[in-house]
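Chemist: There's a structure below that I have some questions on.
Just so you know, all these numbers are worked out from the coordinates, no wet-lab data involved. All figures in this text were calculated on a predicted structure; none of them were measured in a lab. Every residue, glycine among them, receives a Cβ derived from its backbone with ideal geometry; neighbour counts consider all protein chains shown.
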């Protein structure tokens, strides 16, 4: 009998845990779910998520009853000009052509395009503003349809951020950090709250741009990326042309019934392997292949608008039939929402009017105004607005002063402006028909009730029943969360 | 066991609840002796250090628990001690963690952190047993102990097995039986070469009954050139390699010669220390060769932000930060990135030390300017005549730049040594034009020159003329240079840049009062004296004998490739927040052995492959599933899906399409239409290659950073350094391997091969099955396939048009002599076989 040396303490300790059955102590049973694809979510000893919520899944989420079941984020890539669209500032007209007060711009960071520009004349809004509906919200005439539904919307006029360029600013809105590498909101939510969509991905991203392709912003796939979360929570990009999902169609010569039988045989063979190897991952794979088969039906079904009544199609405008347009994507968003897809991210580019404000902004609004409003109306008519959160906004605002040469009236522009801008939300849990916060008389800085990007993120989480401070993921030794180490829920816009 | 519980309740203030029942219960289950490194520090780190750790700025109540002196000292200005050795009842720490009072309990409710009953018990017992303090396990040099003694002395084949078996025996587990030969050769072939074995190779192995049969296979695979290609992929993930810059227009770069060097380095078994030194500091070696310099492209693989409106210095700084952090992850397994903005919250790394490390990488001549994929410093690998042409054009640029400089001395008078932007005459300038003047004329990009020129076009036509000439010359030179093969590499400035701590990690907020000079963190061995302290010294320090981390981190990462997880699960973090090694003595043994062998990577991989641990079957029993679902204790081999690139390579190889050709320019295989166009608003079109280029190993696929190759899944995005294996399972993967033309073409070409090689159904099915799975089918399996085959024949016979379609997929020529119905039926069968779980999983 070999006299065993004292066991390494860790080993001894682990032995006791394992002998007692690892799973008895864990909130999450492992069972059939993914041997091979097991990742971090198993809470380490000493969980940091609140486990008191009776609603809680294995991560303890949601923390409380959510108002929203799903989110549609209409992201306006390139940064819409708040002073021309939503933030009415009579002072701009009075000061038109005059140098903006130094006190506002002194010491502030700007992009290099106007960073060293010493001439900074104020430019009045190129549109006309009116107060709308019962709420009296200010909306310019560039957005007539949005104006008509102003009473449904909650305008946050006091948004602010730090980034002065697109990629970092967009990444900041979507992940909480300017550098890519962290999960996006959609990934956090699908990871945290689990799957609801049947036969469809839970997080879908769609992109579109103005026909004029007026600016260089592009869409990086990390805008819907899963960062350090397991890759299955990545957003699935539905493409503008061809099959919405890559590789959806069977090859030529392979019919659907043939595919069905092939999958049946694969299943039979895989089951033989499962018996021999006992690996639950095989089971998961069988399921995933089945899902792929279902998606081959559910996705084309999704994109086939022939079941939409004409008056609905009309509401979204003539572009609705053009695949890859914003209008098309908005209708898709409603259809995805109906099928319980949790997070739908529609990104539309072309708002970056550095040189073409006078003519391009109006066109941009024509492309987006009706579809955005139609989406809200459509959801409302179906009783879905009460549990769907709709968000509309860009990554920052635009300068109240001119970029360029005031003499060159054809090429007026506004540069990137992080210090104040407008975003609207509608639907689940959000007070309709209000404007929250305010900017100074130039629309330059926030004057009342600032809402930082992190505050916005905290609020979105809140609407989905999540306490943003308690929903973390441990990576590289740190408990990351969407809101980094910041963010306060904006309580006064909640119902 | 002394019941301090009762002691505590007699006569002490703050007598709270004593040891609660559940803690008492947990206490009983603890091991006899609690270990500081393995039980205690992980708790302190994860739950306490955020407020009581190395970060001075976040420290509450002046209490720190991360240092030995501090934890036993009294709390500043009070007669309270956090920890009193042997006396939990006198230790404030214990009172706090057991407290019911939300104002006193630690961790605080606001922190959202808490301790389990186990953890509380551990802390109590630790103090009872003398509160022993140890240095963090990973920061002490590894020690090669004698291999453990085991009961089943017949099982171990090499040192690895003794350690593994010892642990299993202590857990009362037994190793799995050895896998059969077909499984073994298949596993080895994928693990070492990224390709499946051929039926001939399988046959040779199964029929070789000699003792050396297995070893022969291992040696053959290690010697194959496919070895270098396989391991290059893994290194490219670490190196964040891509073929484009990654921002806005996503310009293309030409870094592939470095990738070829990597393949060669692996194939020639370049010692890992030399591999390290060449890549981090090849340019600083005495008399560096072209290879030495080419290797340094490693640290230029990061993204490059040339977006309009971005600030060049910000780009430059981001790149330096990336080099620091990539180096930290790949060699030290430390999360240096946390110390960019503040002292590390867990490891004893100060922000100042971060910037000392940063100083090593802050001396490159890269300025953050420019937009294309060939930002200086570059290594021009074109033929000499091509290089000469560029040099000529550059000479012309310099000549014109001198003229501009002379003109500017007059136009923008300023103090000696200052740039033109400092002149009072430069005050009226706007925007980019003003920026341009902060650079010397020769360094201004043509964009900067254009902006500058625009400003002066009407105001000073003569000056404008000069600027415009310079701009034109620069553009000409750049255009010509873009045709050359220029690889971005590292260099070292003659006059060093001054480094300062960047407050909050912000490029524009340096702490000017104190210049920071290169150094290594204090908790690691110091640099040797009497050396020139530069990047070369750093590289050599990383692979020095005294370095406790590098060998462990490296061994661990390669271990992951064979077992799905490292011995330390947190491949990127060996700090106090990282996972503990499951087999600490084994890890150390391998680390020391790796160093002693001369950092011989092939020897390390061979040792792993030759072990009994590796050769086990991957079958999962119910017991193992319950006791060890992650296979931490290695009572079986790990069964894991192949990386998606291997799945593609397999399909090409099995069908006979794979073109065996090492290295060269990246290629553009099949990709669904419009992917690049959509991502770039039509500006960049995907121009697919034809012929052989379609069938190269996935390693050579052109990687556009903003939109990676679509046939991949579960892959690193190459935005940043990645060291973890990813393994998930979604329906989108299924769609890829079922419907991507790469696979459907491979399936029909495989069908051709199958039909041509054998004549009757049985033989054909067995042949196809064997190619796909490396084994022969059972009679059950064969029956399923036969039935399917007959069914397909009938279906295709009824619709020959469909048969024609499915057998003409892809650009590869179609064998017109084959009967279409047969061909189609086998094409579908081949696709089926290529999609079996067994085929795409490494068993």
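Chemist: Output needed: percent of Cα pairs per 10 Å distance bin for the range A:340-495, bins running from 0 to the one holding the longest distance.
Modeler: 9, 30, 34, 20, 6, 1
Chemist: Let me ask you something else. Could you state the angle between the C-alpha long axis of helix A:326-338 and the longest principal axis of the C-alpha atoms of chain A, as a value from 0 to 90 degrees rounded to the nearest 10?
Modeler: 40
Chemist: While we're here: Between helix A:280-303 and chain A, what is the angle of the helix's C-alpha long axis to the longest principal axis, kept within 0 to 90° and rounded to the nearest 10?
Modeler: 30
Chemist: Starting from a Cα-only point model with no solvent, please compute log10 I(q)/I(0) by Debye for chain A at q = 0.10 1/Å.
Modeler: -0.80
Chemist: Which whole-number percent gives the relative contact order of the range B:50-170, counting Cα pairs below 8 Å spaced six or more residues apart?
Modeler: RCO, the range B:50-170: 13 percent.
Chemist: Using only the alpha carbons of the range B:595-690, what is the convex hull's orientation-averaged projected area in square nanometres?
Modeler: Averaging across all directions leaves 11.8 nm² for the Cα convex hull.
Chemist: Shifting gears a bit: Taking each residue of B:43-49 in turn, how many C-beta atoms of other protein chains fall within 10 Å of its C-beta, and what is the average?
Modeler: Mean shielding by partner chains, rounded to a whole number: 2.
Chemist: P(r) tail for the range B:700-753, what percent of Cα pairs lie past 12 Å?
Modeler: 73
Chemist: Going by alpha carbons, how many degrees (0 to 90, nearest 10) lie between the helix axis of A:166-175 and the longest principal axis of chain A?
Modeler: 50
Chemist: Hey, could you grab the Kirkwood Rh for the range B:462-594? Inverse mean 1/r over distinct alpha carbon pairs, Å, one decimal.
Modeler: Kirkwood radius, the range B:462-594: 19.9 Å.
Chemist: Given C-alpha coordinates of chain B, what is the ratio Rg to Rh with the Kirkwood estimate of Rh?
Modeler: Radius of gyration relative to Kirkwood radius: 1.02.
Chemist: Helix-derived [θ] at 222 nm for chain B: sum -39500 (n - 2.57) over DSSP H runs of at least 4, divide by residue count, nearest 500?
Modeler: Computed mean residue ellipticity for chain B: -14000 deg cm²/dmol.
Chemist: When the label point is put 7 Å from the Cα of residue A:447 along its Cα-to-beta-carbon vector, which residues of the range A:400-423 have a backbone N closer than 19 Å?
Modeler: Residues passing the 19 Å test: A:400-401, A:418-423.
Chemist: Moving on to the next point. Order the peptides B:597-609, B:377-389, A:153-165, B:168-180 from the highest to the lowest mean number of other Cβ atoms within 10 Å of their residues.
Modeler: Averaged packing, sorted descending, gives the order A:153-165, B:597-609, B:168-180, B:377-389.
Chemist: What number do you get for the range A:190-294 when its Cα radius of gyration is normalised by 2.2 N^0.38 Å, N = residues?
Modeler: Ratio of Rg to 2.2 N^0.38 Å for the range A:190-294: 1.39.
Chemist: Now for a different question. Within the range A:196-213, whose backbone N sits under 14 Å from a point 7 Å along Cα→Cβ of residue A:340?
Modeler: Taking a point 7 Å out along Cα→Cβ of residue A:340, the residues of the range A:196-213 whose backbone N falls under 14 Å are A:196-203.
Chemist: Percent of Cα-Cα pairs more than 23 Å apart in the range B:412-530, please.
Modeler: 55
Chemist: What is the range B:124-261 by shape, rounded, prolate or oblate, if you read a ≥ b ≥ c off the alpha carbon gyration tensor as root eigenvalues and call it rounded for a/c under 1.5, prolate for a/b larger than b/c, and oblate otherwise?
Modeler: Since a/c reaches 1.5 but b/c is at least a/b, the shape of the range B:124-261 is classed as oblate.
Chemist: Evaluate the distance, in nm, between pseudo-label points positioned 7 Å from the Cα of residue B:140 and of residue B:74 along their respective Cα→Cβ axes.
Modeler: For residue B:140 paired with residue B:74, the spin-label model returns 3.2 nm.
Chemist: At 1.306 mPa s and 10 °C, plugging the Kirkwood radius over alpha-carbon pairs of the range B:535-672 into Stokes-Einstein gives what diffusion coefficient in µm²/s?
Modeler: 89
Chemist: How much mean residue ellipticity at 222 nm does chain A get from its helices, if each DSSP H run of length 4 or more adds -39500 (n - 2.57) and you divide by all residues, to the nearest 500 deg cm²/dmol?
Modeler: -9500 deg cm²/dmol
Chemist: If contacts are Cα pairs under 8 angstrom and at least 6 residues apart, what is the relative contact order of chain B in percent?
Modeler: Normalised by residue count, the contact order of chain B is 15 percent.
Chemist: Averaged over its residues, how many other protein chain Cβ atoms are within 10 Å of peptide B:738-750's Cβ atoms?
Modeler: Mean number of neighbouring Cβ atoms from other chains: 3.
Chemist: Give the peptides A:407-418, A:72-83, B:59-70, B:768-779 in descending order of average Cβ contacts within 10 Å, highest first.
Modeler: A:72-83, B:768-779, A:407-418, B:59-70
Chemist: Given R₀ = 41 Å, FRET efficiency for residue A:382-residue A:409 by Cβ-Cβ distance, to 0.05?
Modeler: Once rounded, the FRET efficiency stands at 0.35.
Chemist: Turning to a different aspect of this structure: Compute for the protein assembly as shown: radius of gyration divided by Kirkwood radius, i.e. Rg/Rh, restricted to C-alpha atoms, rounded to two decimals.
Modeler: 0.96
Chemist: Still on this structure: Provide A:191, B:354, B:670 in ascending order of the number of other Cβ atoms located within 10 Å of each residue's Cβ, fewest first.
Modeler: Ranked by crowding around the Cβ, least crowded first: B:670, A:191, B:354.
Chemist: The range A:439-492: Rg/Rh from Cα coordinates, Kirkwood Rh?
Modeler: 1.12
Chemist: Give me the inter-chain shielding for B:624-637: mean count of other chain Cβ atoms within 10 Å, whole number please.
Modeler: Mean shielding by partner chains, rounded to a whole number: 4.
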